[in-house]
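Report on one structure; see the data block that follows.
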Amino acid sequence: MRSGLQENSVAQRSFVDLDHWMERYQQADPAAPATLIAALSPALLCFFRSQQANREHADDLLQDTWLRIHRVRHTYRPGEPVLPWVYAIARRAGVDGYRKTRRIAAHEIAVEALPARFAQSEPPNGLPAFEDLVAALPEAQQEVITMLKVGGLSLEEVARATSSTVGAVKQKAHRAYERLRKLLHTYAEDNVAGGAP
Amino acid sequence: MNCRDMNHALIGRSMASPLPSEAEDHLRTCARCRLLAGALRLPVAEARPSPASLRRIETGIAAGLRPVHPMGSKNCLLAAFVATFIATVALSVYRMGAFAIAVMTPLQTSLTLGSLAVGTGLLAYSLVNQMVPGSRHRISPRLLPLGAAISLVIVIAVLFHFQHERNFWAKSWACIRAGMPIGALAAVPLWFVLRRGTILWPTMTGAATGLLAGLAGATALEIHCPNLEACHILVGHLGVAALGAVTGLLIGVAAERGLPGRRLNDSDY
């Protein structure tokens, strides 16, 4: 059920003990930054690309995130989970990048219909691509679904990364699924009416 | 199982783990849920950062790599916040006198000071968690300052009598003027502790810090001021906490607007 990328990123992460490498990063082990960057960057980039507002600036945001991580590496507490710490910083970098690009409208507009380019990126199974699907959600729901599905974070980790509670994360995910269900149904009906396979 | 239960089944488990048999049964009969589950199983487009970008990050970090000491434990930071609060209140009460204790009933004293202590403890704990990205928050840090303030208003409104008071505004203003410097005094060491951490959301942290500093002023007034009229306590004493929260919020907003969106340069490492 897990996506190819998730399998990749999770498998990659399983080879590296993130906690261990983070501690070595704090001790200035020269091998630690490269290992962490290699292990975490693909998922972080995917996280930024999945967010509609940040898609075009994902590479810049990735660099900005690593810059911030480097500056505040002393705030990581050994023994604590690394992923929520990293994603909390990435999230802040994303918000700043979002503000910088002044795409306020994308933050506020609740999309009732799937984006126009939905059909263009449609995979062979007839369903829209995950990125397009998530782009139809409000920002807060986009973030939660992306962290759960792309980042492979648990509910507890998403709650930590978003300075929220597990209950609030569950509620956002629930609303996101409700919305996606509605959108997908409309999409399927349109396809049937249009004679699509 | 209905569609709502299906959501819970999808949310509560890893995408890789199989669904329970009831969920699979539901998928056979519900086209909407089948579509949703199918969409969530779709592969995500692979994202690979460019090698040049990764090299630039790695080189920059390696060039400026120095050992750092991890931040102190949560308990140490919490102790620092609480000690600051207690020291500020104790010093202020020592200077001004504890006249209110003599006129309040034991119930009023214990419940008022107890609720101030609980509010302070929760705010301090929340601030400790806000200093470290990715910390666990048992109460939403956005709601906590509001919740603490509302709880205190209710406690005061229930415990003390509302009655007409002469020179209400003059007396309240005198208390606010006495309480604000106490809040400012508490804010300085609080800021020194906070600056060791990472403030990801300055507005939220600013409001909580301002409220905590303001509560130091309100607590000192609550112990000092013998005026037990409810409106006076709400405006003159808790007003210090409210003003502290608003000041902290405004400083946070200013800091947040001042945070530059920056592009990575080698000199940044």
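The values are calculated or read from the model by the stated rules, or taken from the named source; none is laboratory data. Keep in mind that this is a model prediction, so the values were computed, not measured. Every residue, glycine among them, receives a Cβ derived from its backbone with ideal geometry; neighbour counts consider all protein chains shown. Each accessible area value is taken on the protein alone, full model and side chains, heavy atoms only, with ligands, DNA and RNA left out. Shrake-Rupley method; radii C 1.70, N 1.55, O 1.52, S 1.80 Å.
If we count every other residue with Cβ under 15 angstrom of residue B:233's Cβ, Lys/Arg +1 and Asp/Glu -1, where does the sum land? Write out the running numbers ahead of the final one.
Working: positive: B:171; negative: B:165, B:222, B:229.
Surrounding charge for residue B:233 is -2.
Each residue of the stretch B:162-167 was assigned a 3J(HN,Hα) from its phi angle through the Karplus expression (A = 6.51, B = -1.76, C = 1.60, θ = phi - 60°), giving 8, 8, 5, 10, 6, 6 Hz with x at Gly and Pro.
Taking all protein chains as they are arranged and a probe of 1.4 Å, the heavy atoms of residue A:98 leave approximately 20 Å² accessible to solvent.
Using heavy-atom solvent-accessible surface (probe 1.4 Å) with all chains present, what is the largest-first order of A:60, A:190, A:96? It would help to have the intermediate numbers written out before the result.
Details: A:60 55, A:190 95, A:96 15 Å².
Accessible-area ranking of A:60, A:190, A:96, largest first: A:190, A:60, A:96.
Using θ = phi - 60° in the Karplus curve 6.51 cos²θ - 1.76 cosθ + 1.60, the 3J(HN,Hα) couplings for the stretch A:162-168 round to 9, 6, 10, 10, 4, x, 5 Hz; x is entered for Gly and Pro.
At the residue level, residue B:73 shows approximately 60 square angstrom of accessible surface with a 1.4 angstrom probe and all protein chains present. For the stretch B:74-258, the residue among B:223, B:164, B:188 whose Cα projects farthest onto the positive side of the dipole built from Cβ charges is B:188. Across chain B, C-alpha contacts under 8 Å between residues 6 or more apart give a mean separation that, scaled by the residue count, equals a relative contact order of 22 percent. Taking the empirical scaling 2.2 N^0.38 Å for compact globular proteins as reference, chain B has a Cα radius of gyration ratio of 1.39. Net charge around residue A:164, counting only other residues with Cβ within less than 13 Å of its Cβ (Lys, Arg = +1; Asp, Glu = -1)? Counting the neighbours of residue A:164, the net charge comes to +4. Between B:240, B:68, B:253, the Gaussian network model of chain B with springs among Cα atoms under 10 angstrom shows the greatest mean-square fluctuation at B:68. What's the carbon and sulfur percent of the stretch B:74-258's accessible surface, probe 1.4 angstrom, rounded to a whole number? The value for the stretch B:74-258 is 73 percent carbon and sulfur by accessible area. Taken across both chains, chains A and B shield about 6700 Å² of accessible surface from a 1.4 Å probe.
Relative intensity of the stretch B:98-240 on a log10 scale, I(q)/I(0) at q = 0.08, 0.17 Å⁻¹, equals -0.23, -0.91, per a Debye sum over C-alpha point scatterers of equal strength in the absence of solvent. Once the 1.4 Å probe is applied to the protein heavy atoms, the stretch B:18-174 comes out at 55 Å² accessible per residue.
Using Cβ-Cβ distances only, list the Cys residues of chain B with no partner cysteine under 4.7 Å, sorted by number. Lacking a cysteine Cβ partner under 4.7 Å: B:3, B:76, B:175, B:225, B:231. Its relative contact order, with pairs defined as Cα atoms under 8 Å and 6+ residues apart, puts the stretch B:31-151 at 24 percent. Close amide H partners of residue A:29, meaning residues 5 or more places away or on another chain with modelled amide H under 5 Å apart, do not exist here. Residues B:85, A:48 ordered from highest to lowest accessible area at a 1.4 Å probe: B:85, A:48.
Within 14 Å, Cβ to Cβ, of residue B:214, how many net charges do the neighbouring residues add up to if Lys/Arg are +1 and Asp/Glu are -1?
With Lys, Arg at +1 and Asp, Glu at -1, the neighbours total 0.
Computed from backbone phi with θ = phi - 60° and the Karplus coefficients 6.51, -1.76 and 1.60, the 3J(HN,Hα) list for the stretch B:170-184 is 5, 5, 5, 5, 4, 5, 4, 5, 6, x, 4, x, 5, x, 5 Hz; x is used for glycine and proline.
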